[in-house]
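Notes for the one structure printed next.
The values are calculated or read from the model by the stated rules, or taken from the named source; none is laboratory data. It should be emphasised that the depicted structure is a prediction, and the values quoted were computed from it without experimental measurement. Neighbour counts are summed over all protein chains in view; Cβ atoms, including those assigned to glycine, are modelled from backbone coordinates with ideal geometry.
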Amino acid sequence: MKFIGKLSVKSMFRKTLTNYKDLGKEGENLARQFLIKKGLKFVCSNFLFQGREIDLIFIDKKKKIIIFVEVKTRSDDSFGPPENAINRKKQTNIKRAARDFLLQNKEFYSFDIRFDSVSVLKKDTSILINHIENAF
């Protein structure tokens, strides 16, 4: 194992991974607040089933829509906007997790289904939030 200063590469990776997860959680919290302010009702976060995860789940009571939301958070946009990271495989996994959620929560059977994305770009002191309805 290489050592850089007093930290090993392994411990630096762990610290970076922790910061990355913290940034992701912060982005999910910001997205949740943003969608609540838009009038949506929060149902749950981080629904996990068989290794597939849905970041946020909301309902629009007026329109009877259940909304499965994928949140992508970045600290810079050098690789493009955060929502570009939601590839076909990720979309398929979210759709499968949504099916599993609905099988476990039959009270939402009569609701229409929508898949949204929320990207959070937290750059320096500014925060940009982009909500895309029917993203996939």
Counted residues in the range 1-56 being at pLDDT below 85 and within 21 Å of Arg99 (Cβ to Cβ) come to 0
Test of understanding: among Asn93, Asn105, which residue is under 18 Å from Lys61 (Cβ atoms) and polar (S, T, N, Q)?
Asn105
Glu28: passes all of (1) touching an Asp or Glu at 6+ places or on another chain (Cβ under 7 Å); (2) outside any helix (DSSP H, G or I) but (2)
Within the range 36-49, identify whether any single residue is in a strand (DSSP E or B), touching a Lys or Arg at 6+ places or on another chain (Cβ under 6 Å), crowded, with 18+ Cβ neighbours inside 10 Å and in contact (Cβ under 8 Å) with a residue 40 or more places away in the chain, and answer yes or no.
no
Output the qualifying pairs, or none if there are none: Cβ atoms under 9 angstrom, residues six or more apart or on different chains, first residue in the range 71-87 and farther than 15 Å from Glu26 by Cβ and modelled with pLDDT of 90 or more, second residue assigned to a helix (DSSP H, G or I) and of a type outside the set (Lys, Arg).
Ile86/Ile94
